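The values are calculated or read from the model by the stated rules, or taken from the named source; none is laboratory data. No experiment lies behind these values; they were computed from the predicted model shown. Positions of Cβ are backbone-derived with ideal geometry, glycine not excepted, and every protein chain shown enters the neighbour counts. Heavy atoms of the whole protein, side chains included, go into the accessibility calculation; ligands, DNA and RNA do not. Shrake-Rupley method; radii C 1.70, N 1.55, O 1.52, S 1.80 Å.
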Amino acid sequence: GWSSPWVTGAAIGGTLALVAFFFVERRAANPIVPFSLFRSRAFTGANLLTLALYAALSAATFLLPFNLIQVQGYSPAQAGAAFLPFVVTMSLLSRWRGALADRIGARPLLIGGPLIAAAGLALLSRPSLGGSDWPAFFPGLLVLGIGMALTVAPLTTTVMTSIDDERHAGAASGINNAVARAAGLLSIAILGAIAVGLFSRDLDSRLAAAGASQEVRQAMAEQSLHLATAEPPPGADAAMVRSAVQHSFVRAFRMTVLAAAGLAALAILGGMCVGSHRRVTQN
């Protein structure tokens with residue numbers, strides 16, 4: 001919790017270390033992160049897009065297996081197979097997405113791709129309990145795959161072609177990769193905490209409405225970090241508690257995935273920073 005000295009200490013220490021890193025890198029002769037790269041509007045926009053879009057993707061794909069396995073009743077193999085529309089779409093579209101970027105430029109794809117991905121994430125919030133039939137999550141994962149497929153190739157190209165000094169090409173690629181990884185870590189931590197909070201409040205409300213005792217409500221509140229695997233305490237109406245747990249998790253999942261969709265939609269602001277010119281091939 002936020003009251004823990006380990007949590008607050010780590011947050012303060014991490015913030016101070018980040019500030020110190022900034023000042024050290026500005027004075028270093030050969031910095032790991034050349035801040036001059038961010039003078040490029042396209043480079044900065046591409047990294048902002050990466051931060052928002054990969055944060056959205058990481059949070060949704062982290063929570064989705066919990067929904068599929070613990071609530072909807074998928075087996076682990078079925079849950080893995082549910083992601084096939086995403087994977088297959090990314091693979092099939094990889095052959096022509098680069099050529100499309102050459103013809104129309106990266107900017108339309110870096111605006112349209114995140115919007116399509118946001119629509120796919122929003123679709124993932126629709127299934128409720130009983131969504132174990134295969135088509136329930138198929139549309140969302142398919143649309144998400146299309147959006148990511150349209151975005152990834154022009155995003156990488158933009159990062160690598162938006163810098164003036166080719167000596168920094170490796171640093172530019174490394175920075176973008178680090179931004180994507182940091183986005184995933186931060187989004188899972190932040191949106192995961194939000195999901196736990198939503199789940200805990202909704203579960204307590206449902207239990208109170210169902211007439212559960214204060215002892216049962218307290219016991220379930222102590223298991224809030226377990227999300228959908230929270231078990232009814234001894235003496236409680238097990239069927240009622242499990243139903244409340246499942247419905248509360250679905251609500252928390254929906255709200256979190258919709259927040260992720262909002263993040264994906266915000267990624268278009270980064271795409272708008274990219275120039276509208278088409279890539280020109282030189283002989």
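Here are the numbers:
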{"read-out": "Selection status of residue 116, under 24 Å from residue 194 (Cα atoms), open to solvent by 40 Å² or more (accessible area, probe 1.4 Å), free of Cβ contacts under 8 Å to residues at least 40 places away in the same chain and not charged (D, E, K, R)", "value": "no"}
{"read-out": "Residue tally, condition closer than 16 Å to residue 71 by Cβ, outside any loop (DSSP other than H, G, I, E, B) and open to solvent by 60 Å² or more (accessible area, probe 1.4 Å), over the stretch 218-234", "value": "2"}
{"read-out": "Test set (1) open to solvent by 20 Å² or more (accessible area, probe 1.4 Å); (2) within 30 Å of residue 248 (Cα to Cα) - residue 28 fails condition number", "value": "(2)"}
{"read-out": "Meets criteria (open to solvent by 60 Å² or more (accessible area, probe 1.4 Å) and among the hydroxyl-bearing types (Ser, Thr, Tyr)) for residue 256", "value": "no"}
{"read-out": "Flag for residue 241 being modelled with pLDDT of 90 or more, crowded, with 21+ Cβ neighbours inside 10 Å, on the phi < 0 side of the Ramachandran plot and of a type in the set (A, V, I, L, M, F, W, C)", "value": "yes"}
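Residues checked against (1) open to solvent by 40 Å² or more (accessible area, probe 1.4 Å); (2) of a type outside the set (Ser, Thr, Tyr):
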site	(1), (2)
22	yes, yes
48	yes, yes
89	no, no
93	no, yes
105	no, yes
